[in-house]
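Step one of this worksheet: look at the structure below.
No lab work stands behind these numbers, since they all come straight from the coordinates. Here the structure is a predicted model, which is why all the values come from computation and not from measurement. Cβ placement follows ideal geometry from the backbone for every residue including glycine, while neighbour counts extend to all protein chains displayed.
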Amino acid sequence: MGFKKSWDVGNIASQIHTLSRECSSPHNDGFTAWGCKQDLLIIQQLINEAIKISPNFGSMEDNWLKEQEQQRIIKILKQ
């Protein structure tokens, strides 16, 4: 039996971006914005713990992380 991926990274990213926008929106009161930030902090804690217990994939992981950092730098420089 094979592995079945039951999530969509694009959808997860979209939801996180939505939370971020709602957290920073001047149209939301502090109570609502704080609830959004709490959700972001919970997600951050879950992700940090998942990464902490995940195996290291050596040079493959290091190269991918380096490429991601380079893409972020290029994006910043283009702005």
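Here are some notes:
- Per-peptide average of other Cβ atoms within 10 Å, ordering 45-53, 18-26, 3-11 highest first: 18-26, 45-53, 3-11
- At least 27 Å along the helix axis (C-alpha) and Kyte average at least 1.0, DSSP helices within the chain: none
- Helical content alone sets the calculated 222 nm signal of the chain at -26500 deg cm²/dmol, taking -39,500 (n - 2.57) per DSSP H segment of four or more residues and averaging over every residue.
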